[in-house]
Amino acid sequence: MRKSKIKSVCILVLSMIMCFGLLTGCGGQALSSDFDEAEVKLAAENVITMVNESDSEGLREMSNAQMKQGLTDDVLNQAYEAIGEGGAFKEIENISVAGATENDEELAVTVAQAKYENKSFTYTISFTKDMELAGLYYK
């Protein structure tokens, strides 16, 4: 049981490092004209819906190669369990979109405030120009 907890903490720390690196890289960067803001927001809402429905296959299908490798059953099940502790999903209260550049690739980054029955979560979700899921973080 202790190994599982250590693994969870390691995954969370690595996710946070990736997220902070991505957000630091964006530094308020405007969304590239290669993205449609409404499409990005809709895709982020779709990702949140898939998380709420524990749709691992759907998340993997829309992911880029790097995310597909990272979205293991263990990682996703831990995320579903944590989100499940929030209770029933109520609504997305706020969603914002900005641009970011990582490894010379332009990304769209959304930050969404999602309200659940018992608590709220902040999702940070990023997409490639092909609208592939490139990052998913929640806190």
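The values are calculated or read from the model by the stated rules, or taken from the named source; none is laboratory data. Being a predicted model, the structure only gives us computed values, none of them experimental. Neighbour counts are summed over all protein chains in view; Cβ atoms, including those assigned to glycine, are modelled from backbone coordinates with ideal geometry. With ligands, DNA and RNA removed, areas are computed over all heavy atoms of the protein, side chains included. Shrake-Rupley method; radii C 1.70, N 1.55, O 1.52, S 1.80 Å.
Taking label positions 7 Å along the Cα-Cβ direction at both ASN52 and SER32, the computed distance is 3.0 nm, reported to one decimal. Run the paramagnetic zone check for GLN113: 7 angstrom along Cα to Cβ, then residues of segment 36-53 with backbone nitrogen under 17 Å. Once the point is set 7 Å along Cα→Cβ of GLN113, 45 turn out to lie under 17 Å by backbone N, inside segment 36-53.
Would you mind calculating the gained length between ASP73 and LYS129 on full extension (0.36 nm times residue separation, minus the Cα-Cα distance), in nm to one decimal? Intermediate results must be reported in sequence, preceding the final value.
Details: separation 56, 0.36 × 56 = 20.16 nm, distance 2.62 nm.
Computed gain between ASP73 and LYS129 is 17.5 nm.
Annotation: per residue accessible area for segment 56-139 equals 51 Å², rounded to a whole number [probe 1.4 Å, protein chains only].
Determine the sum of side-chain charges near THR110: Lys and Arg each +1, Asp and Glu each -1, restricted to other residues whose C-beta is under 12 angstrom from that of THR110. Before the final figure, lay out the partial values.
Numbers: positive: LYS41; negative: GLU37, GLU39, GLU45.
Net charge in that neighbourhood comes out at -2.
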